[in-house]
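What follows is one structure encoded as structure tokens, with my remarks underneath.
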Amino acid sequence: MKKIIKTILAATLFSLAFNGFAEDTDVVFRGGVFGQGNAIINGHSNDAAADLGGGISMEIGLPVTVFGRQNGFSFHGAYDTLLGEKDPVTGGQDIDVLFGYWMRFPLGDNGFALQPEISYGGIAKTTKPAETEYAGSDQLLQLGLSLRYNPKNFANGMLEFELTPTFGIETFNSPNSIYVGGRVGMLVVFGGNGGGSSKKSDAKKNDRTEENKIVEQTKKEIESDPDLKGAVSVRLTDEGVTISLDTINFKPDSFDLMESEYPKLDKIAAMLRRYTNDLHVVGHCAKTADSTPEADVEFSQKRAETVANYLILQGVRKTKTKMTVSGKGSSEPRGDNNTEQGRQLNRRVEVTLVRKY
């Protein structure tokens, strides 16, 4: 028991040392049942050849992360029937009580995750027949690699299914019995990834709601302003809220803005000052017959830097630490480069209020 307590304390301190308290990670509880089976290899003389049974699992995910991963502690209790004649043992039963530590690695956003685990605990065993009856206990070290599936669109995300291959070794009796098998189970989930929303998922929903409001408000302002209507547009993108300067004019073959563009940028700056999001300023240009992709990227980035520098002068952000500037060249055209109207659409600078989550 002292070893188990020391292991739990060490794992907790390890988590805190690497990442501290993570505000966007919720405490999560999982509890359920499982069935399991093991082949028992290289066992001592008072062991069987296999076991088959089931039990209960409980897990708690901590509000700390290790290398950005959810982690926590587990408990597994199982009752197994000993199977397979292995002279002189013909049967019996064992009871396992294991405490573990796990980390979770999501496999995308499809509900699947890998959850490696290390467990340690006790195993109490009784074998038969009566004339060779043995009753004893041992300590078991077990490694597991659990494949989890938590379907979000089923039961409000409150059910999780596991398929866990396991490898265990008795650490006291000699020769050591080796357990190779696995368990299949179902758990009920409460907390951050089931049965309700997490802090992070709530924040994401709130962020999307706020973004939609920003888009609608900005559209109204653009439509009501003669300087902006037809020259500026706004839309929701994968990155956040993007305000596009669709007809921004620079001096010919230059990175310098035409004087006529500054009133327009002043109004855009007033809009951006309302929000604290990081900004991403992206330049685009039209494809010409004698241009190269590399030259287009450099040219569009320098134009984006011109806009970014002016926005800083207008107090949108104090420095570029909250602003990223890049150039896409002619790789994302919005119009036909074979027409003047299309080329004008492609010569644009976009400013995005970067999504916080």
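Remark on GLY335: its backbone amide H falls under 5 Å from those of ASN346, a criterion applied only to residues 5 or more positions apart or on other chains, H modelled at 1.01 Å from N.
First select every other residue whose beta carbon is under 12 angstrom from the beta carbon of GLY55; then total the charges, Lys and Arg +1, Asp and Glu -1. Counting the neighbours of GLY55, the net charge comes to -3. For region 233-307, the solvent-accessible area with a 1.4 angstrom probe is 47 square angstrom per residue.
Cross-link pairs exceeding 19 Å between alpha carbons, from the set LYS219/LYS264; LYS287/LYS328; LYS229/LYS267; LYS251/LYS320; LYS322/LYS356; LYS213/LYS322: LYS251/LYS320; LYS213/LYS322.
The 3J(HN,Hα) values that the Karplus relation (6.51, -1.76, 1.60; θ = phi - 60°) gives for region 279-287 are, in residue order, 10, 10, 9, 10, x, 10, 9, 7, 7 Hz. Gly and Pro appear as x.
May I ask you to derive the FRET efficiency for SER137 and LYS356 from their Cβ-Cβ distance with R0 = 56 Å, giving the value to the nearest 0.05?
Calculated value: 0.60.
Take 259-268, 342-351 and order them by the average number of nearby Cβ atoms within 10 Å per residue, most first; the result is 342-351, 259-268. With the simple model of a label 7 Å out from the Cα in the direction of the Cβ, GLN344 to THR126 spans 9.1 nm. Residue ranking by accessible heavy-atom surface, 1.4 Å probe, largest first, among MET103, MET258 comes out as MET258, MET103. Neighbours of GLY144, meaning other residues whose beta-carbon lies under 10 angstrom from its beta-carbon, give a summed charge of -1 when Lys and Arg score +1 and Asp and Glu score -1.
Taking amide hydrogens as placed 1.01 Å from N in the peptide plane, the amide H of PHE250 sits under 5 Å from those of MET258, each at least 5 positions away in sequence or on another chain. Packing order of peptides 71-81, 307-317, highest average first: 71-81, 307-317 (average count of other Cβ atoms within 10 Å over each peptide's residues).
Once backbone amide H atoms are built at 1.01 Å from N, ASP225 has no partners under 5 Å, excluding neighbours fewer than 5 places away on the same chain. Taking θ as phi - 60° and the Karplus parameters 6.51, -1.76 and 1.60, the scalar couplings of region 255-267 work out to 9, 8, 6, 5, 4, 5, 8, 5, x, 5, 5, 4, 6 Hz in sequence order, x denoting glycine and proline.
Sequence-ordered 3J(HN,Hα) estimates for region 158-166 from the Karplus curve with 6.51, -1.76 and 1.60 and θ = phi - 60° stand at 8, 10, 10, 10, 10, 10, 10, x, 9 Hz, glycine and proline given as x.
On full extension, the segment bounded by THR276 and THR209 gains 22.5 nm, given 0.36 nm per residue less the C-alpha separation. Summing charges over neighbours of GLU259, with a neighbour being any other residue whose Cβ is under 14 Å away from its Cβ, gives -2 when K and R count +1 and D and E count -1.
Once neighbouring chains are kept in place and the probe is 1.4 Å, which whole percent of the accessible area of region 280-357 is contributed by carbon and sulfur? Accessible surface attributable to carbon and sulfur in region 280-357 totals 51 percent.
The values are calculated or read from the model by the stated rules, or taken from the named source; none is laboratory data. Everything numeric here is computed off the predicted structure, so don't read it as measured data. Don't worry about glycine lacking a Cβ; one is built from the backbone with ideal geometry, like all the others, and counts go over all protein chains shown. Accessible surface areas use protein heavy atoms only, side chains included; no ligands, DNA or RNA. Shrake-Rupley method; radii C 1.70, N 1.55, O 1.52, S 1.80 Å.
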